[in-house]
Structure formats: structure tokens, C-alpha cells
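*Asks:* I am attaching a structure below and will ask some questions about it afterwards.
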Amino acid sequence: MCGGAVPATGTWRPPFVQAYTLSPRGIGWRYHPVFKRMNFHGGQDMSSQPGPGPIVAVAAGRVIRAGWDTTGYGNVVDLQHAGGIQTRYAHLAIINPAIVPDAMIAVGQQLGLEGSTGASTGNHLHFEVIADGERVDPIAFMRDHGAPIDGRPVGPSRAMAPGSRDAVPSDESTAPPPPPGQPRRNSLHNPPQPIPDDILRLYTEAGRKYAIPWQLLAGIGMEETAHGRITGVSSAGARGIMQFMPATWATYGIDGDGDRRADITNRADSIYSAANYLDHTGARTGADGVRRALYAYNHADWYVNDVLHYAQAYGAGGLTGTSARCPSPSRR
């Protein structure tokens, strides 16, 4: 599938894509470490492994709240689902800009990134399920709905918006990019931006041709130019959507759109050339190879982790084009 992992099935799924651990802090009365008093803990705490990751919708629904909560939840998203069910996702580091009140959300669509905002002592997701106005045990509820919260990684869902008839699978078979580490820089304050459909198509087709996860190309495109939103020549002289230096282009630049020219400013040529460069620098040789290839692209550890952070976010879905789905291949 387009996220590089076995997809979730059914209409419900866990709120994480990567592996995670469960806190003993389940639903019930607990001593709150921030408030310093007994407090009703209305949900389940869980943390991505090996580090904070994307948070996704557990079912299709409608956004009823997205923003800052003053009671301790921090950045929080509330969704309304069918059958009088609501779900809550609290302490997010950032909320996906597309998640706004009354927006219709697909199962598996990215809501934001795990964080520690509000009354929190560390990175985690506080997840609640509210049935007919009463908070219920999320572990039991999700188990009964065919989506057990058991710590196992679950890939992107066959994204299906409320009322849609079809889910569009992808034929991707490459392994997912490795998770990000530390340090990070730009991704700490620049959230991942939606990918225009024409650019998404180029990422996926170039990734397919070179057997490289398309999310890796999307991560570079976001880090370098926000998928072409930043234009012009960099202070170092790099050009194009994937920001190639002319000397590097002379070796790795290729014709991506079939016009028999390798143009450094042509988007198709630039994206295909990035895939070609990653292939030549070892991105198909496992997680360590991906990191080495990204380091060769830009010699900085923070750059590697920024790109992997964005790649992970796009792997969770919800920021790819206008249709919030995995792209299907075009005929070339």
C-alpha cells in the first residue's frame, strides 16, 4: 500500500501508524502529575516508538473541534462518528491545517503530530472515546470494533471519506522509510503541506520506477521547496523543486517527462533526478542506506531527520492532494 505497510481493514483502525506503547494510565480516577490532585482520566495514553509520530483518525467522521483547549488537553481534535460516537485526540504537537471544524475526515487521515501540549509531562497521545455523551474504555471499545489497541504498527487505511463508494489502493511494494530521529530543525516549526496532485503523481511514479518510497521524495520536496511553493535559486545556487546544485545535476540530472531534455528547472526532471540520485547513493539498501543517501543529498543530520519526519507524516495519509487518498498510477 502507499504507506509501505499492511493497511488497516474495516471501518475502524488504531490512531497510530507506527508501533506504540500503552501507558498504565487507562480510564478512571488517577493522581494527576501536573494538577497535583485526584482527577478523572477519561481515556488511554499511548506513545509512538521510537519517537513521536503522526496521529490519524480511527474512523470516518466530521471535525467538531480542532484547536487549543484551556482545561489541559492542549492541542486537541474531536471527531463525530456515526452512531453517536465521538473520539478525542489530545496533547498534539501540531494540528494538520486541513483539520478544521465541520471538515469531513476519512478513516486514517492525519489529524496532527503526537506531542506534549497542555497538562502533559511528555510526548504521548491521550485518546478518548465518548459514546452518547459518556466516556468509555477505549481499549474495550476499539477491540469490539475490530481495531485492537495493542501496540502493533498499522499502515495507512484504504482511505474512505464519509459517503464515498470507493477506496483507492496503490500498488506500492517498497519498504517504508525509517522513522526520524534527532536533531531536527525546519520540521519543528514548518508543518507538512498538502501535496498538489500533479506533484504527488510525479513523486509516486518516480518512486515506483526506482523502487524508492514515494514518501521519501515527498519529504525532500517538502524540506526543499514545500513542493514548489518556494521558487527561485537558493543562496548556495541550488535550483528547481528538489534543489539541485548545477554540478550535481550534470552527473545525476535526467529527463523525467520524456521531452529528451534534462532541465534543472523542470519539475518532472527534478523529481525523477532526485530518485535517480537516491538510488545511486544507496537508498535501496535498507534503513541505514536511506539515511546515508539523505545525508549525501544535504550533509546535515537535522536535514536527514527533517526529511524522514515529513516522509512519515505523508505515509500516514491525509496531506496528499485534494482527495485524501493514495494516488493510482497513470499510464505513461
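*Asks:* Long-range amide H contacts for Asn75: which residues qualify at under 5 Å (H placed 1.01 Å from N, peptide plane, sequence gap of 5 or more or a different chain)?
*Replies:* For Asn75, whose amide H was placed from the backbone, the distant partners under 5 Å are Asp69, His91, Leu92, Thr117, Gly118.
*Asks:* Using Stokes-Einstein with the Kirkwood hydrodynamic radius over Cα pairs, what translational diffusion coefficient do you get for the stretch 20-144 at 25 °C and a viscosity of 0.890 mPa s, in µm²/s rounded to a whole number?
*Replies:* 170 µm²/s
*Asks:* If you take the square roots of the eigenvalues of the alpha-carbon gyration tensor of the stretch 186-315 and sort them as a ≥ b ≥ c, do you get rounded (a/c under 1.5), prolate (a/b over b/c) or oblate?
*Replies:* Judged from the Cα gyration tensor, the stretch 186-315 comes out rounded (a/c under 1.5).
*Asks:* If you don't mind, there's one more thing I want to ask. Just report the Cα centroid separation between the stretch 221-296 and the stretch 63-137, whole Å.
*Replies:* Cα centres, the stretch 221-296 to the stretch 63-137: 37 Å.
*Asks:* Return the FRET efficiency for the residue pair Tyr295, Trp68: r is the Cβ-Cβ distance, R0 is 30 Å, and the value is rounded to the nearest 0.05.
*Replies:* According to the calculation, E is roughly 0.25.
*Asks:* Using modelled backbone amide H atoms (1.01 Å from N, in-plane), which distant-in-sequence or interchain residues come within less than 5 Å of Gln109's amide H?
*Replies:* Counting only residues 5 or more places away or on other chains, the set is Ala57.
*Asks:* Also, I was wondering about something else. What residues have an amide H closer than 5 Å to that of Ile64, excluding those fewer than 5 places away on the same chain, when H is modeled at 1.01 Å from N in the peptide plane?
*Replies:* Correct list: Asp78, Leu79, Gln80, Asp102.
*Asks:* Tabulate in residue order the Karplus-calculated ³J(HN,Hα) for the stretch 74-90, using 6.51 cos²θ - 1.76 cosθ + 1.60 with θ = phi - 60°, rounded to whole Hz; enter x for Gly and Pro.
*Replies:* Once θ is set to phi - 60°, the couplings for the stretch 74-90 become x, 5, 9, 10, 10, 10, 9, 10, 5, x, x, 9, 10, 10, 10, 10, 10 Hz.
*Asks:* Let me ask something additional. For the stretch 223-230, in order, what is each residue's ³J(HN,Hα) by Karplus, 6.51 cos²θ - 1.76 cosθ + 1.60 with θ = phi - 60°, in whole Hz (x at glycine and Pro)?
*Replies:* Per-residue couplings from phi come out as 4, 7, 9, 6, 6, x, 6, 9 Hz.
*Asks:* Using a Förster distance of 30 angstrom, determine the FRET efficiency expected from the C-beta separation of Gln193 and Ser234, and round it to 0.05.
*Replies:* So, using R0 = 30 Å, E works out to roughly 0.95.
*Asks:* Here's something else I'd like to know. Would you kindly derive the ³J(HN,Hα) couplings of the stretch 301-314 from the backbone phi angles with the Karplus curve 6.51 cos²θ - 1.76 cosθ + 1.60 (θ = phi - 60°), listing them in order in whole Hz, with x for Gly and Pro?
*Replies:* Taking θ as phi minus 60°, the curve returns 4, 5, 5, 4, 6, 4, 4, 5, 4, 5, 4, 5, 4, 5 Hz for the stretch 301-314.
Every number here is computed from the coordinates shown, using simple stated rules; none is lab data. Treat the numbers as computed from the prediction; the structure is a model and nothing was measured. Positions of Cβ are generated from backbone atoms using ideal geometry, with glycine treated the same way; all protein chains shown enter the neighbour counts.
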